[in-house]
Amino acid sequence: MNTKLINFSKCIWYLPSEERTDRPCLYYVKGDRFSIAIDAGNSKAHVDLFYEELNKNNLPLPEFTIITHWHWDHTFGMVYTNGKTVTGEKTHKHLINVSQWEWTSEAMKKRLEKGEDIYFCDTCIKEEYQNLSDITVVTGDIVVKGEMSFFLGGLTCRLFEMDSPHCRDSVFIEVKEEKVIFLGDADGEDYYDNNGTYDKERVRTFLNYLKSTKAAYFMLGHDGPTTYNNEIEYMEQELSKIKE
């Protein structure tokens, strides 16, 4: 397990994912004026580790943290982040709902029975949190409908809402100067709305979007950076496996 910050380029760093409790990669983009983070992680411990690594590398804490989608591993650290958090409108609606959930073993069991949550997340949450009462879910400070741009100083970050194979509330973040697009978990199967499988039309639409971009790299939620060609090839393979 690598818990060290990795320098991807002159202005992008990331903390690698951790499989044990499904911690995603946490990304950091530094402009001349201010910096942003991509996703908030799944707990205080996750945020603390990220910030500790930023401090070790003499990087200022992010003024904004942009959330790629509502799933717990990307959002439960929001309450502990520095500065302001930014979500899409659809993500905001999901977080309003989750913020009302009770965090007891009994309540979690009932959500599984009703299909409101899934077993994989339930298991990882209990592994990450020794005390379920420590869970605090909040909504974002800034809610974006459609798209929004941040001018970091020398860098332009454009975030925009988009449907994806993984969830219906994805927010992608493009850094044009770096030819990079942060996708979150967008290329994964949908475990909440599609029984852990791909919807062919959503995959096809997503693949067409990827092909239309001028990105050199796509930054993934759990797998880290991948090249344009590798991501296109992967999604074409996944599309070919889906039966009509």
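Computed from the coordinates by the stated procedures, all read-outs in this text should not be read as laboratory data. Here the structure is a predicted model, which is why all the values come from computation and not from measurement. Neighbour counts are summed over all protein chains in view; Cβ atoms, including those assigned to glycine, are modelled from backbone coordinates with ideal geometry.
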Inset, instruction - Please identify every one of the chymotrypsin sites (Phe, Trp or Tyr not before Pro) in region 121-175 that sits in a loop by DSSP and has no more than 15 other beta carbons within 10 Å of its own beta carbon. - result: none
Legend entry - ILE118 paired with LEU239, simple spin-label distance in nm, labels 7 Å along Cα-to-beta-carbon: 2.2
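Roughly speaking, what is the stretch gain from THR3 to SER212, that is 0.36 nm per residue apart minus the C-alpha to C-alpha distance, in nm to one decimal? Working shown, then result.
On the way: separation 209, 0.36 × 209 = 75.24 nm, distance 3.40 nm.
Value of the extension gain: 71.8 nm.
Quantify how much of the Cα-Cα distance distribution of region 67-110 extends past 13 Å, in percent.
Details: 559 of 946 pairs.
So the portion of pairs separated by more than 13 Å is 59 percent.
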Inset, instruction - For SER43, list long-range residues whose amide hydrogen, built 1.01 Å from N in the peptide plane, is under 5 Å from its own amide hydrogen. - result: GLY77
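What percentage of all Cα-Cα pairs in region 59-192 are separated by more than 18 Å?
Numbers: 5139 of 8911 pairs.
Summing the P(r) tail past 18 Å for region 59-192 gives 58 percent.
For the pair THR104 and ASP48, what calculated FRET efficiency results from E = 1/(1 + (r/R0)^6), where r is the Cβ-Cβ distance and R0 = 25 Å, to the nearest 0.05?
On the way: r = 25 Å, r/R0 = 0.99.
So, using R0 = 25 Å, E works out to roughly 0.50.
As a check on your grasp of the helix formula, calculate [θ] at 222 nm for the chain: sum -39500 (n - 2.57) over DSSP H runs of n ≥ 4, divide by the residue count, round to the nearest 500.
On the way: 7 runs with 74 residues, N = 244.
So the helix-based figure for the chain works out to -9000 deg cm²/dmol.
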